[in-house]
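Data block below; observations after.
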Amino acid sequence: MNLLQAILRTMFYVVVGGVISIVGAAFFFMNWEPDRDDFPVRGIDVSHHLGDIDWAEVASDDVAFVYMKASEGGDFKDSAFERNWAGAGSAGLARGAYHFFSLCEPGQKQAENFLSVLPQDSDMLAPVLDLELARNCARRPPAAEVLREISAFTTLVEAARGKQVIFYAPAEFYEAYLKGSGLNRRLWARSIWHSPDYPSDWVLWQYHDRGRVTGIETDVDLNVLNSEKSLPELKM
């Protein structure tokens, strides 16, 4: 074997090894999940972006609960909410609703929009306020203003439904606005592919944003319930 052949063979092995490593890493991350013995209660969150959902199939795939988007901002209502709510209920899934909070609209107006969609159902999971910087309006109000509007939202919704609002808060929003604010609510943590670094009082953990579930044709967010909590507690 001459020098050129040796170099080409070495390059071939390096390339093949690199491809195998990349494919292996991708497979690991796409299929990673928390230990099922530690976190046995699994759930998903959905919106109209996921299209038509076969809820009977979803329920057969080790899914115990679902949160579905009901509204956003002051006037947007998710077009699939009523269909998803009925389908998940027929399949026997524990179900709840969430509102995507806009940084650019008053909290009271957003609460009124959410309540106009939210069913009067004492058995539903506690309502969720989705607090994100990503996909929000461009404005970044000062913390005092944001907390005031969040408080206005939670006060109205909690009084109307008798359940404490849960905050879905990725780390960047939590650090920017909620941490140390005194506005204490149960947390839904977002921590993709690793355990949450949030305070120990988180109740839900979104661990994947590109998961697959039978009955849904596209990627879906995957979640687990804190092992020290129960689904009945989420209804409070």
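The values are calculated or read from the model by the stated rules, or taken from the named source; none is laboratory data. Since the model is a prediction, treat every value here as computed from it, not as a measurement. Note that we place each Cβ from the backbone using ideal geometry, even for glycine, and neighbour counts take in every protein chain shown.
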Tabulated pairs, the stretch 83-94, first at positive phi, second of a type in the set (A, V, I, L, M) and outside any strand (DSSP E or B), C-beta under 8 angstrom, 6+ apart or interchain: Gly92/Ala59
Residues within the stretch 53-84 that are in contact with a Phe, Trp or Tyr (Cβ under 6 Å, 6 or more places away or on another chain) and surrounded by fewer than 18 Cβ atoms within 10 Å (Cβ to Cβ), tallied: 0
Filter pass, Arg186 being of a type in the set (Lys, Arg), out of contact with any Phe, Trp or Tyr (no Cβ under 6 Å at 6 or more places or on another chain) and farther than 23 Å from Ser47 by Cβ: no
Matching residues in the stretch 110-122 - criterion: being among the charged types (D, E, K, R) and surrounded by fewer than 17 Cβ atoms within 10 Å (Cβ to Cβ): Asp121
Ala189, sole failed condition from (1) in contact with a helix residue (DSSP H, G or I) (Cβ under 7 Å, 6 or more places away or on another chain); (2) in a strand (DSSP E or B): (1)
Residue in the stretch 104-122 that is hydrophobic (A, V, I, L, M, F, W, C), within 22 Å of Val41 (Cα to Cα) and out of contact with any Asp or Glu (no Cβ under 8 Å at 6 or more places or on another chain) present: no
Candidates Arg135, Arg140, filtered to the one that is more than 30 Å from Glu57 (Cβ to Cβ), basic (Lys, Arg) and either outside the structural domain of Asp75 (by TED's automatic domain parsing) or surrounded by fewer than 17 Cβ atoms within 10 Å (Cβ to Cβ) (or both): Arg140
Hey, Glu228 more than 18 Å from the chain's Cα centre (by Cα), part of a loop (DSSP other than H, G, I, E, B) and surrounded by fewer than 15 Cβ atoms within 10 Å (Cβ to Cβ) or not: yes
Any hit, the stretch 85-92, residues being over 24 Å from Pro232 (Cα atoms), in contact with a strand residue (DSSP E or B) (Cβ under 9 Å, 6 or more places away or on another chain), among the small types (Gly, Ala, Ser) and crowded, with 18+ Cβ neighbours inside 10 Å: no
Residue that is surrounded by the fewest Cβ atoms within 10 Å (Cβ to Cβ) [pool: residues in the stretch 153-201 that are under 19 Å from the mean Cα position of the chain (by Cα) and β-branched (Val, Ile, Thr)]: Ile192
Some residue of the stretch 154-175 being part of a helix (DSSP H, G or I), in the same structural domain as Glu132 (by TED's automatic domain parsing), farther than 25 Å from Phe39 by Cα and touching a His at 6+ places or on another chain (Cβ under 9 Å): yes
Residue list for the stretch 143-152, filter: surrounded by 20 or more Cβ atoms within 10 Å (Cβ to Cβ) and not β-branched (Val, Ile, Thr): Glu149
Flag for Thr218 being touching a Leu at 6+ places or on another chain (Cβ under 6 Å) and assigned by TED's automatic domain parsing to the domain that holds Ala64: yes
Top-ranked residue of the stretch 204-224 - restricted to ones that are part of a strand (DSSP E or B) and touching a helix residue (DSSP H, G or I) at 6+ places or on another chain (Cβ under 7 Å), ranked as surrounded by the fewest Cβ atoms within 10 Å (Cβ to Cβ): Arg210
